[in-house]
Amino acid sequence: MTATQERPDTAAAKEIGRDRRRKEDQRLITGRSRWTDNITLPGMLHLAMVRSPFAHATITGIDVTEAQAAPNVVAVLTGKDLGESQGACINAWAITTDQVTPAHVPMPSDRVAFAGETVAVVVARSAAAARDAAELVDVEYDELPAALDLKEAAAADAEHGVLAHPDLGTNRSALWTFDSAEAGTGGDADQAIARARAEGIVIEREYRQQRLIPAFMEPRSTVVDPTGEQITMWSATQIPHILRFALAASTGVPESKIRVIAPDVGGGFGGKLQQTPEEMITFAVARRLGKPVKYTETRSESLMTAHHGRDQWQRLTLAAEKDGTVTGLKVELIADLGAYVSLIGGGVPVLGAFMYNAIYKFPAYHFSCQTVLTNKTWTDAYRGAGRPEATYAIERLMDELAAEVGVDPFVVREKNWITKEEFPFTTVAGLEYDTGDYESATREAKDRFGYDELRAEQRRRREAGDRVQLGIGVSTFTEMCGLAPSRVLGSLNYGAGGWEHASVRMLATGTVEVTTGASAHGQGHETAFSQIVADRLGVAFEDVEILHGDTSIASKGLDTYGSRSLVVGGEALVRAADKVIEKAKPIAAHLLEASVDDIEFSAGRFGVRGTDQGLAMAEIAMAAFAAHNLPDGIEPSLDSDATYDPVNFNYPHGTHLCAMEVDTETGGVLMRKYTCVDDVGTVINPMIVEGQVHGGLAQGIAQALWEEAVYDDSGTLVSGSFVDYLLPTSADTISFDVSHRSTASTTNTLGTKGVGEAGTIASTPAVVNAVVDAIRHLGIDDIQMPCTPERVWRAIHDVAGGGGTDTEGAAAPHFDASTGMQGTVDRTDGADR
Amino acid sequence: MIPTPFEYVAPTTLDEALAALAEHGDEAKVIAGGQSLLPVLRMRLNAPEVVVDLGGIPALRGIRDDGDAIVIGAMTTHHDVHHDPLVHEHAALLAKAEEHLADAQVRHRGTFGGALAHADPAGDLGAPVLALGAEFVVAGPSGSRTVAGSDFFVGLFETAIAEGELLVEVRVPKHTGWGAHYEKFVRVAHQWPIVAVAVAVRTEGGTIAEARVGLTNMGSTPLRAHSVEEALAGRPVTEDAVREAAALAAEGTNPPSDLNGQADYRRHLAGVLTRRAVLAAAGA
Ligand SMILES: Cc1cc2nc3c(=O)[nH]c(=O)nc-3n(C[C@H](O)[C@H](O)[C@H](O)COP(=O)(O)OP(=O)(O)OC[C@H]3O[C@@H](n4cnc5c(N)ncnc54)[C@H](O)[C@@H]3O)c2cc1C
C-alpha cells in the first residue's frame, strides 16, 4: 500500500484561521443531501395530525369512523388508543424544587391546552391520503376560557381569572431568584435603589420581549422504523443524543434499543432543541403498528406548534449616581411558558439571569423571574435563549441612563464597564469573565462606523427639523456561551451535564474519521472541525471526515445549542487528537529505534530529536494497522476519544453600532449603517464566523423591526403564515460592516469563544436604541418591539398632541396606550429632556 | 400542505376553456399563474373538483397596440408587463406597479389577469388599472362583454366575472407622455402593500393639467380618489399645493384594520403617500 506516500505534503499548511469554503455546502446546495423527509423505507406509512382549533377545550367525543373508511387509511388513533404507550414530553429543567409542571401527554384524550394540539393521528399509505382523511375525523369540543394574556395569567388564581390548567390551581409555574447580597457577590439592590431615589437617578422601565417563532428553513420531520432489533428514529432535530435519552426515559423502551439519527438538518435556531409531541406520537404509532412511519409537518403546522421563543415582560429598575455610575440593578420578569413546560423552557430566562449586569461593574443586583402557563404554544430556546433578553434590557437602560444624565451613550458605558486591566473579573452575578477588551473593540467600531460624523449629521438634521431623522444606537454586549460546566448546570437543577464527546480514528491509509457529539444543523461543523483536526494531526484537510448526528456512530454527545459546539466540542476534539498523538509516539519510537522521550511531533511528523529521521502520521497509522512490528504491550490502535467538561463559560463580547433613519411622517424606519466589532477569541474559519454574525444580525434586527407572533382574543395564532409573520430577506437588510478581534479565551486550549448567537444577542438593542435616539428629542423614550411604522407613528403622533407634526416642547408620555409601555423616569434632578 | 384531489384540464383555445367551465360549473376553478390559487388550494381554503389551466392558450398572452388603447392579454406575466415597451410608453404606471409586485419568481409565474381576477384589495394592480380607466373584456358561453373598471371590482376577492366566464384581456387607454408613480408602503420588501397609491399626471409647464389617482388597500376593493384628482387639476406642482389636495385621499374610504395597521393609520398614510406619489409622478 503506497497510497499514503503519494499524498501531497499539506501538513505544513496551517488550517486554523483559513477561509475554507464549507465542505458540506457542495452537498447541501446541489441537493445531494438527505433530509428526514427524503427518507423512504419499504412499506412506510404516513401520518397526518388532527389538531385542535381551540386554545382550551374539553374533548367530548372523537368519531373516526368516516376517516377510518377512507381510501388507503390504515388506522386512525386517538389519545385514548395510544394511552400510556405514548410516553410523555419531559421537562429536563425544573428551575425550582416546587415548580408547577403540568403533565404533558403528547396526544391528550381529555383536554387540549393550546390551538394546534394534536387530538388524533391518521395513518395512511400516502401523505395525501392521510391528509384527506384527517379532515374526516370529527372531534367534538366544549370550549373552555383560555388564559392568553401573560400579565393576566400571572395574576390569576383559582378564584379570579382564567387558568391554563384548571386542575393546577395556578398559572404560576416557578419563581426563580438571584440576589447578590444573599449570594455574597455584591450589595443589596433595593438599598441602592432607595439611595438613588433620594440623591441620584432611578430609571424604571418595562420592556416587552415579544413572542418569536424560530422559523427554521426545514420543517420538522420524523421517520421511525421499528423493524429490527433497535427502533430507529430519523428526525430533523438538533439533539439526537438528548432525544434518545428522553425517548427512553419517557417510554420505558431501553436506551440501548433506540437509535436516533439526525441526518442533514435544515436549521434550528433552538427551535429543534426539543422532544416534540410529534416525535413521541410517531414513535408510538410505529411501535404499535410494527411498520415504518413518517410524519412531516406543513409550514402552517410548524409556525403554530413548533416551540416559540422569548415572550417576557421585563420590569427593570436601574439605580445610579448623578454622574451615571450605576449602583444597582433590579430585574423582575414574567415569562410565558405557553401551555406546557418544555424541555428547557423554564430555564431560558435563568440563562439570562447572569447577563443583565453585562460588561459592567454593578455593585448590587437582584433578579427574579416568574414563569407562567398560558393556553398558547409552548416556548423554549430561541437563538440566544435568555441572553438576548438580558442584553436588550441592559443596553436599552444604559441608553436611557445616558439620556437622563445628558451625555453620550458611551460615557455611561465607559464609566461602568470592566476595564481591560481588571480581567479576570468576578461579576455581581457570580461569573468569572476570563478575558475581554471592551475599549479597543469600541474604539475600532466607532472608527469604522464614523461615529462622530454621524452624530454631527444627526445634529444637523435635528436642527433643520428634517422629516427624516437620524438615530444612532449602541450595544456593547457580552454573553456567556459554551453550555456548560456540568457542575454549574447541576447547581441550577438542570437535568443533564454540559460536557461534549469526540473520537478520532486514524485509518490505515492515513485518513481520519472523527466523531463528534455536537450535531450540526447548518453551522459548518464539518469544515471547522476538519480544520482543527488537520492542524492538530498534521494531515490534509480533505483527509478528515467528520461524522455526527447518529447515536450509533457518534455514540456520546450533548448536541448543538448555546454556542457550545466549538468551545466545548472542539476542545473534546483537540483532546482526543492529542491522545492519538501520544498513542503514536511509542510506535514511532519503536520503528525509529529511538527513545520515546526523543520523539517530537510537529506538522504531522514524528521526528527524532537532533536527527533528520522521522515518520509521518500516515506511516504510523499503517504500522498500527498491520501490527507486525509494535512495541510490547502497545495495542494495535490509533483510535482515541475524549469527553470534555468545561470549567467555565466563555465570554465573547463586542461593540455594535447602528444608524437608523426614521420617517417622522409615516413612522417608517430604515437602516442606514450597521457596524460591529466582535471579540470571539481565536477564529478557526473567518468566513464561517462572518456568516454566523451576518445571520445572527439579521435575526436580531428582525426581532427589533419585523417579527412577532400574534394571537387573537380566542387564542388563534394570527401570524400563522409568512404573509403575516414577517421574516426579512436579503432585500430588507443592508450590507453589514462586520469585523472581529481576537482576545484568546483562557477557558479552552484553542482560545475560542462562541459566535453562534452573538449577532442575535447584540443587534436587537442596537437597532431599537437607534430608533429611539432618532425621535428622543420629540419626547419619546421607547417603542415596543417590533418597531413597526404604525407604533413609531403613534408614538410621534401621541406626543404631538394627536395631530400634525408640531412637536415642539412635547413632554415624555407617562403611559403610552399604543405601546402599553410605562414610560416613567424618576426625575430627581428635575431634568426635562 | 397537500390540496384535495382534483381533475386537471388543459385547454388550448378559449372556446375549449369556456366549454370546460360550462361543463363543470361551480366545481371548476381556473388556474393562471397559480401564485394566488395554489396557496389557497394547499391550505384547503378551496377544494375544486376540476382545475382548468389557461397556460396553454396562446391567444390570452401578449400585449398589443389598439389605437387609443393598449390591450393586455390576461395570461401575460407580471414580468412581461413590467418590461413591455408599449406599457412603458403608454401606461407607465402599470410598469411602476409591477416593479414592486411580489418578487422576481412570482413575477415570472403570476399573470396580469390572474392578479386582477383574484381581486385582493391589497393587490398592486387594481389601483393603477382603475386610475388609468381600463376596461375588462370578459368572455362567457354567450360571447364576450366589456366591463368598465368602476364595475369590475365588486368586493373583497370578488369581481364582475360571473360563473362560467373568463377574463380575456384588459384595455388600457393610452396615457402617452403622462408622468407616473406607484408609492407602495411596506415593512418588508416581499409584502403586499399596507397602503399604496397609484398616480398618473399630465403636467403643463409647472401645473397639473390632469391627474388620475388610485388607492390600494383602503377598502374592500381598489379605489379611485376622484376628489383628489379634481382638487389637483390646475394646481402648481409644489409641495404645499399638492399637500392640500392629497389630504383628501382618505375621504370616503373604509380601510381595514389588521396586523400592519389600524384604519386611522392607513387613512393618515393615504394622505402622505398620495402627496409623495403625485410629486414623484410630476417629476418634482
Ligand atoms: C410570495 C408572493 C408574494 C406576492 N406578493 C404580491 C404583492 O406584493 N402584490 C400583489 O399584487 N400580488 C402579490 N402576489 C400575488 C401575485 O400577484 C399573483 O400572481 C396574482 O395575485 C395571481 O395571479 P396568477 O396568475 O398567479 O393567478 P392564479 O393564482 O392562478 O389565480 C388567481 C385567481 O384568479 C382566478 N383567475 C385567474 N385567471 C383568470 C381569468 N383569466 N379569468 C377568470 N379568473 C381567473 C383564479 O381562478 C383564481 O381564483 C404575491 C404572490 C406570492 C406567491
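Figures for the structure shown
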item: Long-range amide H partners of A:Thr478 with built H, under 5 Å; result: A:Ile359
item: Using θ = phi - 60° and Karplus 6.51 cos²θ - 1.76 cosθ + 1.60, couplings along the range A:185-198 (whole Hz; Gly, Pro as x); result: 9, x, x, 9, 5, 4, 5, 4, 5, 4, 5, 5, 5, 6
item: Values of log10 I(q)/I(0), in the order q = 0.17, 0.27 Å⁻¹, for the range A:658-724 under a Debye, Cα-only, solvent-free model; result: -0.84, -1.18
item: Separation between Cα centres of the range B:105-138 and the range B:222-277, rounded to whole Å; result: 21
item: Average Cα contact separation per residue, chain B, under 8 Å, 6 or more apart, as relative contact order %; result: 15
item: For the range B:102-224: rounded, prolate or oblate by the Cα gyration tensor [a/c cutoff 1.5]; result: oblate
item: Equivalent ellipsoid dimensions for the range B:179-281 as semi-axes, Å, which come from the Cα gyration tensor, largest first; result: 24, 13, 11
item: Area of B:Arg235 that stays accessible when all protein chains are in place (1.4 Å probe, Å², to 10); result: 60
item: 3J(HN,Hα) from dihedral phi, the range A:702-708, Karplus parametrisation 6.51/-1.76/1.60, rounded to Hz, x for glycine, proline; result: 5, 5, 5, 10, 10, 7, 6
item: Kirkwood Rh in Å, taken over the range B:58-173 so that all alpha-carbon pairs contribute; result: 13.9
item: Loop GluC sites (Glu not before Pro), the range A:551-610 (other Cβ atoms within 10 Å of the site Cβ: 16 or fewer; DSSP); result: A:Glu593
item: Over 42 Å [Cα-Cα, the protein assembly as shown], rounded percent; result: 49
item: D_trans [Stokes-Einstein, Kirkwood Rh over alpha-carbon pairs] for the range A:165-218, 25 °C, 0.890 mPa s, µm² s⁻¹; result: 154
item: For B:Ile31, distant residues with modelled amide H under 5 Å away; result: B:Val52, B:Asp53, B:Leu54
item: Alpha-carbon Debye profile of the range B:177-221, log10 I(q)/I(0) at 0.20, 0.21, 0.22, 0.30 Å⁻¹; result: -0.69, -0.72, -0.76, -1.02
item: Portion, in percent, of the accessible area of chain A that falls on carbon or sulfur, probe 1.4 Å; result: 49
item: Accessible surface of the range B:7-53 [probe 1.4 Å, protein heavy atoms]: carbon and sulfur percent; result: 49
item: Peptide B:37-44, shielding by other chains (average Cβ, 10 Å cutoff); result: 2
item: Calculated P(r) of the range A:666-804 - Cα pairs past 27 Å, %; result: 36
item: Shielded by partner chains, the range A:119-158 residues - at least 30 Å² of accessible area, 1.4 Å probe, vs chain alone; result: A:Arg131, A:Asp132, A:Glu135
item: For the protein assembly as shown, accessible area per residue (1.4 Å probe, heavy atoms of protein chains only), Å²; result: 36
item: Within 10 Å of each Cβ in B:188-195, the average number of Cβ atoms from other chains; result: 5
item: Between the range A:243-273 and the range A:559-612, the alpha-carbon center distance in angstrom; result: 33
item: Nitroxide proxy distance, nm - points 7 Å out along Cα→Cβ at B:Glu16 and B:Asp68; result: 3.8
item: 15 Å beta-carbon shell around B:Val71, net charge (K/R +1, D/E -1); result: -4
item: Portion, in percent, of the accessible area of the range B:179-281 that falls on carbon or sulfur, probe 1.4 Å; result: 48
item: Relative contact order %, chain A, counting alpha carbon pairs below 8 Å whose residues are six or more apart; result: 15
item: Principal axis box of the range A:698-753, alpha-carbon based, largest edge first, Å; result: 53, 27, 15
item: Check: chain A dipole with +1 on Lys, Arg Cβ and -1 on Asp, Glu Cβ, in debye; result: 1120
item: In Hz, Karplus ³J(HN,Hα) per residue of the range A:235-245 (6.51, -1.76, 1.60; θ = phi - 60°; x = Gly, Pro); result: 8, 7, 10, 7, 10, x, 6, 5, 5, 4, 4
item: Protein-protein interface of the range B:141-187, residues with accessible area decrease of at least 10 Å², isolated chain reference, 1.4 Å probe; result: B:Phe185, B:Arg187
item: 5 angstrom amide H check on A:Met785, placed H, neighbours 5+ away; result: A:Arg208
item: Given A:Lys151/A:Lys322; A:Lys294/A:Lys556; A:Lys294/A:Lys376; A:Lys80/A:Lys294; A:Lys446/A:Lys753; A:Lys151/A:Lys673, the pairs whose alpha carbons are separated by over 29 Å; result: A:Lys151/A:Lys322; A:Lys151/A:Lys673
item: Taking only Cα atoms of the range B:7-53, radius of gyration then Dmax in Å; result: 10.5, 31
item: Centre separation in Å (Cα based) which lies between the range A:455-524 and the range B:22-101; result: 47
item: Rounded to 5, the percent of DSSP beta bridges in the protein assembly as shown classed as antiparallel; result: 80
item: Interface burial for B against A (accessible surface, 1.4 Å probe, total of both chains, Å², rounded to 100); result: 2400
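The values are calculated or read from the model by the stated rules, or taken from the named source; none is laboratory data. All figures in this text were calculated on a predicted structure; none of them were measured in a lab. Note that we place each Cβ from the backbone using ideal geometry, even for glycine, and neighbour counts take in every protein chain shown. What goes into the accessible areas is simple: the full protein's heavy atoms, side chains included, and nothing from ligands, DNA or RNA. Shrake-Rupley method; radii C 1.70, N 1.55, O 1.52, S 1.80 Å.
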